[in-house]
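Student: One structure follows; several queries about it will come next.
Coordinate-derived values only; no laboratory data. Since we're looking at a predicted model, the values are computed, not measured. We place every Cβ from the backbone using ideal geometry, glycine too, and count neighbours over all the protein chains shown.
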Ligand code: DC
């Protein structure tokens, strides 16, 4: 390991859905010159591949068929300067735009609960973080993927605030949605994420909590830089 690699750390960001984890992780990575890895995109990519290869039909997941496909799925990331983040590819095919559809969103929880899927993706994520210098966001990064990450952040926000943000986002895109339905969905997903038997969402004991219910993006970044300096200072002294 080179001296520069030794100074780089792993930043694990976990938390509830619609908390702004990816936006936050992306800005941190840009600020530090780190690589940003969106692990949710990996679970979405497997789900899309399963849908396109007959392992999910009309929303019904054939778990054995998904597991059989796993060996033929190669996931890679390539930096896209236009987005300021990496695009995700499956077997060389850029799927970034196709993984965020409602069809994928509806099935991804089921796919991410399959143990063999988690084993494969967790191993890939660990390999990607081997050289440190990564900001990884997901649900189990600080607890399962990198329990030894030097800085762990657990993001949360009031469900009503998260629902409002999601509502504004969808409205801006022209979707006809109701705030009540979104809030119900946010609360249901919180329950599903925390309640699943394999790698449930939970706060690592050594994680610092960021409740961004009433914080601007700039305030979140200022909060992060303080935590980061504190952590790096402690590591230097150790
Ligand atoms: O962050 P996201 O909404 O794009 O994640 C998509 C799904 O993948 C979500 O249902 C939770 C799951 N997921 C997971 O189980 N573990 C991760 N590390 C990241 C996402």
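Student: Which order do the peptides 66-72, 173-179 take when ranked by the mean count of other beta-carbon atoms within 10 Å per residue, highest first?
Tutor: So the peptides 66-72, 173-179, ranked by packing, come out 66-72, 173-179.
Student: Zone of residue 235 (label point 7 Å along Cα→Cβ, backbone N under 18 Å): which residues in the range 12-39?
Tutor: 12-14, 25-37
Student: State, as an integer percentage, the relative contact order of the chain based on alpha-carbon contacts under 8 Å between residues 6 or more apart.
Tutor: Over the chain, the number comes to 31 percent.
Student: Shape of the range 147-238 from its Cα gyration tensor (a ≥ b ≥ c, root eigenvalues): rounded if a/c is under 1.5, otherwise prolate when a/b > b/c, or oblate?
Tutor: oblate
Student: A follow-up question, please. To make sure I understand, if each residue's beta carbon is the centre and we count other beta carbons within 10 Å, what order do 211, 168, 190, 140 fall in, fewest to most?
Tutor: 168, 211, 190, 140
Student: Could you work out the helix-only [θ] at 222 nm for the chain, with each DSSP H run of four or more residues adding -39,500 (n - 2.57) and the total divided by the number of residues, to the nearest 500 deg cm²/dmol?
Tutor: -15000 deg cm²/dmol
Student: Between residue 93 and residue 126, how high is the FRET efficiency from 1/(1 + (r/R0)^6) when r is the Cβ-Cβ distance and R₀ = 22 Å? Nearest 0.05.
Tutor: The calculated FRET efficiency here is 0.35.
Student: Determine, for each peptide in 30-42, 222-234, 87-99, the mean count of other beta carbons within 10 angstrom over its residues, then list the peptides with the highest first.
Tutor: So the peptides 30-42, 222-234, 87-99, ranked by packing, come out 30-42, 87-99, 222-234.
Student: Determine the shape class of the chain: with a ≥ b ≥ c the square roots of the Cα gyration tensor eigenvalues, call it rounded for a/c under 1.5, and otherwise prolate if a/b is greater than b/c, oblate otherwise.
Tutor: Here the chain falls in the oblate category.
Student: While we're on this one: Tell me, what is the FRET efficiency for residue 60 and residue 177 to the nearest 0.05, using R0 = 30 angstrom and their Cβ-Cβ distance as r?
Tutor: 0.75
Student: Considering only DSSP beta bridges whose two residues both sit in the chain, what percent are antiparallel, to the nearest 5?
Tutor: 35 percent
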